[in-house]
Amino acid sequence: MIYITGDCHGEFAKIQRFCRAMKTTREDTMIILGDAGINISNGLRDLRKKQMLVQLPITLFCIHGNHEMRPTRVVKVDQWGARTDRKAYRLKDWHGGRVYVESAFPSILFARDGEVYDLDGTATLVIGGAYSPDKPMRLARGWPWYSDEQPDGRIRRRVEDAIRERQGKVDAVLTHTIPARYIPALHLRPWPGVDQSTEHWLDRVEDSLQYQKWYAGHFHVDVTIGKLEIMMDHVEPFMGDRKES
């Protein structure tokens, strides 16, 4: 089975409870829609978290968020949490696409933006990243902030090339943030100075696509708007009964 949920921010109690209740195995997959909170400081705390998560009876498939390092930036740490000069993640083939994985933690996978994965017969496009509205606070308090949190031009071109190669047709889309056109429906208090360039680009991405379902996280709500489902605390089967339609 493939399941899906929203942001975790380093707290995995909902997934632990779900694994116990559903008696999952490593053959099952849990999609996390960004901000998993696994790669935050690239030190001992992250290492301990991965050592805990790799014991869970499930495979984690994580989309890149805005409160975490990109896997390409992470380096290996030793048992005391000291950083080395070696990259932690490598790319490997997985379900028709490529994912980032650490050899020590084979059940913790990170999606590569612009890949289209075959998830149990569902052609699934992945686009991670977003702007952090709390960037000023994080910088003021010395908390981690990542300058490459949003998809850059290279990533955008990879996404657009993948869409053209598939003639604009996929079954599902997994993103962290959402197309800008849906934000007013959330009735959120506007944050001053928020860069919504990624959301406006996703408007254009959506216009170029035919799809059945779009999943996103980031906004810390559980709500459905048409074919878009924004997730936070809820855990459910990926695509539900749409595979039968």
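Please give the peptides 197-207, 70-80, 214-224, 30-40 ranked by average Cβ packing (other Cβ atoms within 10 Å per residue), highest first, as a rough proxy for protection.
Values: 197-207: 17.1, 70-80: 14.9, 214-224: 19.5, 30-40: 24.8.
So the order, starting with the most tightly packed, is 30-40, 214-224, 197-207, 70-80.
Taking only C-alpha pairs under 8 Å that are 6+ residues apart, what is the relative contact order of region 109-245 in percent? Present the calculation step by step, with values, prior to reporting the outcome.
Numbers: 191 pairs, mean separation 31.4, N = 137.
Computed over region 109-245, the figure is 23 percent.
Is the shape of region 186-245 rounded, prolate or oblate, going by the alpha carbon gyration tensor and its root eigenvalues a ≥ b ≥ c, with a/c under 1.5 for rounded and a/b larger than b/c for prolate?
On the way: a/c = 2.96, a/b = 1.39, b/c = 2.13.
Oblate, because a/c is 1.5 or more while a/b does not exceed b/c.
Considering only protein heavy atoms and a probe of 1.4 Å, how much of the accessible area of region 1-157 is carbon and sulfur, as a whole percent?
Here it works out to 50 percent.
Based on Cβ point charges of +1 for Lys and Arg and -1 for Asp and Glu, what charge dipole magnitude is obtained for region 74-189 about its Cα centre, in debye rounded to the nearest 20?
360
Using the structure shown, select from K135/K213; K49/K76; K23/K50; K49/K92; K135/K169; K49/K169 the pairs with a Cα to Cα distance greater than 26 angstrom. Can you show the working numbers first?
Numbers: K135/K213 30 Å; K49/K76 14 Å; K23/K50 21 Å; K49/K92 22 Å; K135/K169 35 Å; K49/K169 37 Å.
The pairs that break the limit, which is 26 Å between Cα atoms, are K135/K213; K135/K169; K49/K169.
So what's the net charge close to W94: Lys and Arg +1, Asp and Glu -1, counting the other residues with Cβ under 10 Å from its Cβ?
Residues close to W94 contribute a combined charge of 0.
At q = 0.17 Å⁻¹, what is the base-10 log of I(q)/I(0) for the chain according to the Debye formula with one equal point scatterer per Cα and no solvent? Please give it to two decimals.
Log-scaled intensity ratios, in q order: -1.40.
Connecting C-alpha atoms closer than 10 Å in a GNM of the chain, tell me which of K169, K50, K92 has the biggest fluctuation.
Between K169, K50, K92, it is K92 that shows the largest mean-square fluctuation.
In a GNM of the chain with a 10 Å cut-off on Cα contacts, which of R90, R154, R45 has the highest mean-square fluctuation?
Most flexible of the set in this elastic network: R154.
Treat each spin label as a single point 7 Å out from the Cα along the C-beta direction, and report the L186 to E11 distance in nm.
Calculated label separation equals 1.8 nm.
In percent, what relative contact order does the chain have, based on Cα pairs under 8 Å that are 6 or more apart in sequence? Provide the component values of the computation, followed by the final result.
Working: 506 pairs, mean separation 51.1, N = 245.
After rounding, I find 21 percent.
Could you give me the ³J(HN,Hα) list for region 171-180, computed from phi with Karplus coefficients 6.51, -1.76, 1.60 and θ = phi - 60°, whole Hz, x at Gly and Pro?
These are the phi-based 3J(HN,Hα) values: 8, 9, 10, 10, 10, 8, 8, 10, x, 4 Hz.
PRE reach from W143 (point 7 Å along Cα→Cβ): which of region 46-87 fall under 16 Å by backbone N?
Under 16 Å, as judged by backbone N against the label point of W143, lie 65-69 of region 46-87.
What are the extents of the Cα atoms of region 57-155 along their three principal axes, listed from largest to smallest and rounded to whole Å?
Projected onto the principal axes, the Cα atoms of region 57-155 cover 46, 34, 29 Å.
Per residue, how many Å² of accessible area does the chain show with a 1.4 Å probe? Display every interim value, and only then the final one.
Numbers: 11740 Å² over 245 residues.
Result: 48 Å² of accessible area for each residue.
Would you work out the Kirkwood radius for region 127-245? I mean one over the mean of 1/r across all pairs of different Cα atoms, in Å. Provide the component values of the computation, followed by the final result.
Working: mean 1/r = 0.0641 Å⁻¹.
After inverting the mean inverse Cα-Cα distance, the result is 15.6 Å.
Taking a label point 7 Å from the Cα of T224 along the Cα→Cβ vector, which residues of region 119-138 have an amide N closer than 20 Å to it?
122-125
The values are calculated or read from the model by the stated rules, or taken from the named source; none is laboratory data. Predicted model only: the values in this text are computed from it and were never measured. Cβ coordinates were reconstructed from backbone atoms using ideal geometry, including for glycine residues, and neighbour counts include every protein chain displayed. Protein only, heavy atoms only, side chains kept; ligands, DNA and RNA dropped before computing areas. Shrake-Rupley method; radii C 1.70, N 1.55, O 1.52, S 1.80 Å.
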